[in-house]
Amino acid sequence: MPLLTIHHKTEYRYDRPVAFGEHRIMLRPRDGHDLRVLAGNLEIEPKPASRAATAPSISASTISSGSRSGGSSPLTMRPKLTPWLTA
């Protein structure tokens, strides 16, 4: 089966700059018997001041977290993912 790469963009726009606290982000599918993630990354604008390592969730997904001080508008997230499907 040929490889494909999924590019996605989510953008939040606000009337005025808003403050952000810590965000928990779950944008990766769960690995299973017919799906494995070969590569993936996440771009966030504005860049987080700190970004914790990813960790598995109780539902076998992956959670990333990041925090930023100060305000901004807009907030943009661009995940990129290369899955391997065996089915």
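The values are calculated or read from the model by the stated rules, or taken from the named source; none is laboratory data. Just so we're clear, the structure is a prediction, and the values are computed from it rather than from any experiment. Every residue, glycine among them, receives a Cβ derived from its backbone with ideal geometry; neighbour counts consider all protein chains shown.
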Study note, to complete from the structure: Filter the stretch 44-65 for residues that are closer than 20 Å to Thr10 by Cα, assigned to a loop (DSSP other than H, G, I, E, B) and small (Gly, Ala, Ser); the one that is modelled with the lowest pLDDT is Ser61
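Would you tally the residues in the stretch 66-87 being more than 24 Å from Arg16 (Cα to Cα), modelled with pLDDT under 85 and surrounded by 11 or more Cβ atoms within 10 Å (Cβ to Cβ)? Before you say what the answer is, go through the steps one by one.
Looking only at the stretch 66-87, we keep the residues that are more than 24 Å from Arg16 (Cα to Cα), and these are 79-87.
Going one step further and asking which of them are modelled with pLDDT under 85, we end up with 85-87.
Right, trim to surrounded by 11 or more Cβ atoms within 10 Å (Cβ to Cβ) and you get 85.
Count: 1.
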